[in-house]
Number of protein chains: 2
Amino acid sequence: MSLDSPSVTMDDVLAARARIGDKIRRTPVLTSSTLDAMAGARLFLKCENFQRAGVFKARGAFNAVFSLDDAEAARGVVTSSSGNHAAAVSLAARTRGIRATIAMPKIALASKIAAVRRYGGEIVWVEGKGAVPTSEEYDATVARIERETGAATIHPYNDRRTIAGQATCALELLEDQPDLDVVLAPVGGGGLLAGTAVVVKAAGARIKVVGCEPQMADDAQQSLRAGHIVPQLAPRTIADGLRTSLGDITFPLIQRGVDDIVTVTEEGILHAMRLVWEVLKIVIEPSGAVPLAALLERRVPVDGRRVGLIVSGGNADLDHLPWIK
Amino acid sequence: MSLDSPSVTMDDVLAARARIGDKIRRTPVLTSSTLDAMAGARLFLKCENFQRAGVFKARGAFNAVFSLDDAEAARGVVTSSSGNHAAAVSLAARTRGIRATIAMPKIALASKIAAVRRYGGEIVWVEGKGAVPTSEEYDATVARIERETGAATIHPYNDRRTIAGQATCALELLEDQPDLDVVLAPVGGGGLLAGTAVVVKAAGARIKVVGCEPQMADDAQQSLRAGHIVPQLAPRTIADGLRTSLGDITFPLIQRGVDDIVTVTEEGILHAMRLVWEVLKIVIEPSGAVPLAALLERRVPVDGRRVGLIVSGGNADLDHLPWIK
């Protein structure tokens, strides 16, 4: 655990909530006796699939965009993302009435490109040597746009404003269900998990925080065990939101406040995702099913406990359901 | 319009609510600025996909099952259905601790058969001359079970208890949104539409009630125009909940309280269904998408009005999505 003072505090989270509370949705917490019986615990699913832009990332994007002063905002914002963060930043910028430029790979899903355009984001294609651009190629494109336009960069996770905004999700969950024993969140770049840890540990050290990630992208578990960031190389998981590596802001917060990181199989993700669609009648994306998969694969000891799960988003590709061959 | 006194009144509906209110779910009413913009009206979607057993039919089944006196209940209940009503009656009977026998065709979807079994219903296969049993063959099977066991028959729609229970859906909708201009409900056998008409017209004659059905199963529209029940022959619509004909109890209630019945295309149903999944992130079945399809196909004049839509259920076949070829 880091002994330095944390880079994101409850004060930051409360400020974020005051800033974005009327711009994002307070999402519902759903329960299901069927899922409880299967997991052997009492589950509380915080449904960020109902969040604006269909994903928790709206919280971080709105907080970052509305943190800018007027002069900064006038120059617009820029980010790189092939997915949910791109749409969330576009929506937040449009809401503030400023320009958003999104560096995207040409191989991004058509549905993700359409979402950015629907929210008014301007797309700049990242040119790479391979089919999938490297982080360096993304960063070079963002830096060029920043240089040319003066736009402010909003990192998808390794950014204090993003983390504080994303942390408002756990804040709402604990307000609705104060007596949880453990909170599970998916972990990709670590913004959601870091923010969750800040909030949960401020509420009570006895509440456990567990990060959940695919076995096929287990860099966060490796990083926590090694004590330094282990980068994610060539992840092949279906959970497309969880393929990124941790950042130097998210990792220390995770070291400080997360009790454990567990991994799940690809089959487990598919099964949990389909189960939520079938039982709860809600559309969630693969990444959002990872915490439930961790429970159903018995990766977290929760016998009879009260468990909060952050269902991170609902932007599934409806034309290619992963369980239909 | 019939001048006789109606067979189902608001008193029946209020009694039904008192009987089943703690046994069914009060489902949410969702809104969406995206859908509002597409429909050119303000929409309020009453989401019965979140109802127990995934469908509004739980309301009628619970009301009928809990209307029985103890001696009747001890002999169990029987019904015939290839779908949602079968599961709903099984669940209601299990909740009361009594036996439910369901006459089903062997060609029923595996998911529907599994739902009946999950809720403890006992299946009796209806033997027919063709692959799809006729109504007469269904009725003969139900009559035989009734004779052999003394079980009480619960008709899926042509039953005052079923209609009164299903009407509690509109009651909740109007409590949450009293100032609607029009309420749209799908129509198959007519139980939901008849019950909706009873409630809405009791709340105010100025609120319009419009039934919505597939062009491929337009018997209710034909019946309303002809002034007598026109049976549905060989319906081929994807909206599997709306293939039945009206009954002699539902039809007079529909004549009395429904302002119009409109039809939609199969493409329109598919489009509306997929749109709800994508925009609202909820799983609904084809029948539940029919009212929205009617708005998007401009079959109901709603310009700028406040429109309630009953989204009847969420039991879609997740392994065969109709928009995936």
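Any read-out appearing in this document is the output of simple, stated calculations on the displayed coordinates, not a laboratory observation. The structure presented is a predicted model; accordingly, all values stated were derived computationally and were not measured. When we count neighbours, we look across all protein chains shown, and the Cβ atoms used for this are built from the backbone with ideal geometry, even at glycine.
Among A:P291, A:P133, A:P252, determine the one that fluctuates most according to a GNM of chain A built with springs between C-alpha atoms less than 10 Å apart.
Judging by the Gaussian network model, the answer is A:P133.
Return the loop-located trypsin sites (Lys or Arg not before Pro) in the range A:52-148 (DSSP other than H, G, I, E, B) with at most 10 other Cβ atoms within 10 Å of their own Cβ; answer none if there are none. Walk me through the numbers before you get to the answer.
Working: sites: A:R52, A:K57, A:R59, A:R75, A:R94, A:R96, A:R99, A:K106, A:K112, A:R117, A:R118, A:K129, A:R144, A:R147; in loops: A:R75, A:R99, A:K106, A:K129.
Sparse-neighbourhood loop trypsin sites (Lys or Arg not before Pro): A:K129.
Pairs of alpha-carbon atoms within less than 8 angstrom and 6+ residues apart define the contacts here; what relative contact order does the range B:69-115 have, in percent?
It comes to 44 percent, rounded to a whole number.
Per 0.36 nm of contour for each residue apart, how much would the distance between A:L318 and A:R305 grow if the chain were fully extended, relative to their Cα-Cα spacing? Mind showing how you got there, number by number?
On the way: separation 13, 0.36 × 13 = 4.68 nm, distance 3.38 nm.
Taking 0.36 nm per residue and subtracting the Cα distance, the gain is 1.3 nm.
Once the convex hull of the alpha carbons of the range B:194-247 is built, what does its volume come to per residue, in cubic angstrom? Provide the component values of the computation, followed by the final result.
Numbers: hull volume 5.0 nm³, N = 54.
Taking only Cα atoms, the range B:194-247 has a hull volume of 93 Å³ per residue.
Using +1 on the beta carbon of Lys and Arg, -1 on that of Asp and Glu, and nothing else charged, what's the dipole of the range B:233-325 about the Cα centre, debye to 20? Working shown, then result.
On the way: 10 positive and 12 negative charges, 41 e Å.
With Lys and Arg at +1 and Asp and Glu at -1, about 200 debye.
Given a cut-off of 19 Å, what percent of all Cα-Cα pairs of the range A:47-177 lie beyond it? Intermediate results must be reported in sequence, preceding the final value.
Working: 3944 of 8515 pairs.
That fraction is 46 percent.
For the range A:1-107, evaluate the Debye formula with one uniform point scatterer on each Cα (no solvent term) and list log10 I(q)/I(0) at q = 0.19 Å⁻¹, rounded to two decimals.
Evaluating at q = 0.19 Å⁻¹ gives log10 I(q)/I(0) of -1.00.
Rounded to the nearest 0.05, what FRET efficiency do B:A205 and A:T153 have when you use their Cβ-Cβ distance and R0 = 60 Å?
On the way: r = 60 Å, r/R0 = 0.99.
The calculated FRET efficiency here is 0.50.
In percent, what relative contact order does chain A have, based on Cα pairs under 8 Å that are 6 or more apart in sequence?
Working: 716 pairs, mean separation 70.7, N = 325.
Computed over chain A, the figure is 22 percent.
Which trypsin sites (Lys or Arg not before Pro) in the range B:179-263 sit in a loop by DSSP (not H, G, I, E or B) and have at most 16 other Cβ atoms within 10 Å of their own Cβ?
Values: sites: B:K201, B:R206, B:K208, B:R225, B:R236, B:R243, B:R256; in loops: B:R206, B:R236, B:R243.
Loop-located and lightly packed - B:R206, B:R236.
Test of understanding: extend the Cα→C-beta vector of A:Q215 to 7 Å, then name every residue of the range A:299-322 with backbone N under 15 Å from that spot.
A:299-300
In nm, to one decimal, how far is the modelled label at B:I107 from the one at B:D260, with both set 7 Å along Cα→Cβ?
3.5 nm
Tally Lys/Arg at +1 and Asp/Glu at -1 over every other residue whose Cβ is under 12 Å from the Cβ of B:V55; what's the total? Walk me through the intermediate numbers first.
Values: positive: A:K281, B:R25, B:R52, B:K57, B:R59, B:K112; negative: B:E48, B:D240, B:E285.
Combined, the nearby Lys, Arg, Asp and Glu give +3.
As an exercise, use a Förster radius of 51 Å and the Cβ-Cβ distance of B:A143 and A:S32 to find the FRET efficiency, rounded to the nearest 0.05. Present the calculation step by step, with values, prior to reporting the outcome.
Values: r = 38 Å, r/R0 = 0.74.
FRET efficiency, B:A143 to A:S32: 0.85.
Which pairs break 29 Å Cα to Cα here: A:K208/B:K112; B:K23/B:K201; A:K57/B:K57; A:K325/B:K106; A:K201/A:K281; A:K46/B:K46?
Details: A:K208/B:K112 40 Å; B:K23/B:K201 26 Å; A:K57/B:K57 37 Å; A:K325/B:K106 26 Å; A:K201/A:K281 32 Å; A:K46/B:K46 21 Å.
The answer is A:K208/B:K112; A:K57/B:K57; A:K201/A:K281.
Suppose R0 equals 51 Å; then what is the FRET efficiency for A:V124 and B:S5 from their Cβ-Cβ distance, rounded to the nearest 0.05? Before the final figure, lay out each step's value.
Working: r = 70 Å, r/R0 = 1.37.
Rounded to the nearest 0.05, the efficiency is 0.15.
Modelled label-to-label distance, A:E267 and A:R94, 7 Å Cα→beta-carbon offset: nm?
Placing both labels 7 Å beyond Cα along the Cβ direction yields 4.2 nm.
Looking only at B:T237, B:T31, B:T162, which one moves most when chain B is put into a Gaussian network model with springs between Cα atoms under 10 Å?
Of the options given, B:T31 has the highest mean-square fluctuation.
Ordered shortest first, which distances in nm separate the 7 Å Cα→C-beta label point of A:A234 from those of the other copies?
Ordered by increasing distance: 5.8 nm.
Of B:L30, B:L192, B:L173, which has the largest mean-square fluctuation in a 10 Å C-alpha GNM of chain B?
B:L30
Out of every Cα-Cα pair in chain B, what percent are more than 37 Å apart? Mind showing how you got there, number by number?
Details: 4956 of 52650 pairs.
For chain B, the share of Cα pairs beyond 37 Å comes to 9 percent.
I need the per residue convex hull volume for the protein assembly as shown, using only the alpha carbons, in cubic angstrom as a whole number.
Values: hull volume 101.1 nm³, N = 650.
Output value, Cα hull per residue: 156 Å³.
With +1 assigned to the C-beta of every Lys and Arg and -1 to the C-beta of every Asp and Glu, and no other charges, what is the dipole magnitude of the range B:29-130 about the Cα centre in debye, to the nearest 20?
Values: 14 positive and 7 negative charges, 45 e Å.
Using only the charged Cβ atoms, the result is roughly 220 debye.
Taking every DSSP beta bridge that has both residues in chain A, what percent is antiparallel when rounded to the nearest 5?
Values: 3 of 33 bridges.
So the antiparallel bridges amount to about 10 percent of the total.
Taking the Cα centre of the protein assembly as shown as origin and charging only Cβ (+1 Lys, Arg; -1 Asp, Glu), how large is the dipole, in debye to the nearest 20?
280 debye
Return the Rg/Rh value of the range B:99-161, two decimal places, where both radii are evaluated on C-alpha atoms and Rh is the Kirkwood radius. Intermediate values should be presented prior to the final figure.
Values: Rg = 11.9 Å, Rh = 12.5 Å.
Using Cα coordinates only, the ratio equals 0.95.
Note down the net charge around A:E136, summing +1 for each Lys or Arg and -1 for each Asp or Glu among other residues with Cβ under 13 Å from its Cβ. Spell out each step's value before the answer.
On the way: positive: A:K129, A:R144; negative: A:E127, A:E137, A:D139.
So the environment of A:E136 carries a net charge of -1.
Give me D for the range B:25-78 in µm² s⁻¹, whole number, from Stokes-Einstein with Rh from the Kirkwood sum over alpha-carbon pairs, 4 °C and 1.567 mPa s.
Details: Rh = 13.7 Å.
Taking Rh from Cα pairs, D becomes 95 µm²/s.
Could you state the principal axis extents of the C-alpha atoms in the range A:174-312, from the largest down, to the nearest angstrom?
The principal-axis extents, from largest down, are 39, 37, 22 Å.
For the range A:112-211, how big is the tail of P(r) above 19 Å, as a whole percent of Cα pairs?
Details: 2878 of 4950 pairs.
Counting every Cα pair in the range A:112-211, those more than 19 Å apart make up 58 percent.
What gaps in nm, shortest first, separate B:D70 from its twins in the other copies when you place the label 7 Å past Cα toward the beta carbon?
Shortest to longest, the spacings are 7.6 nm.
Sort shortest first the distances from A:T265 to its counterpart in every other copy, using label points 7 Å along the Cα-to-beta-carbon line, and give them in nm.
4.5
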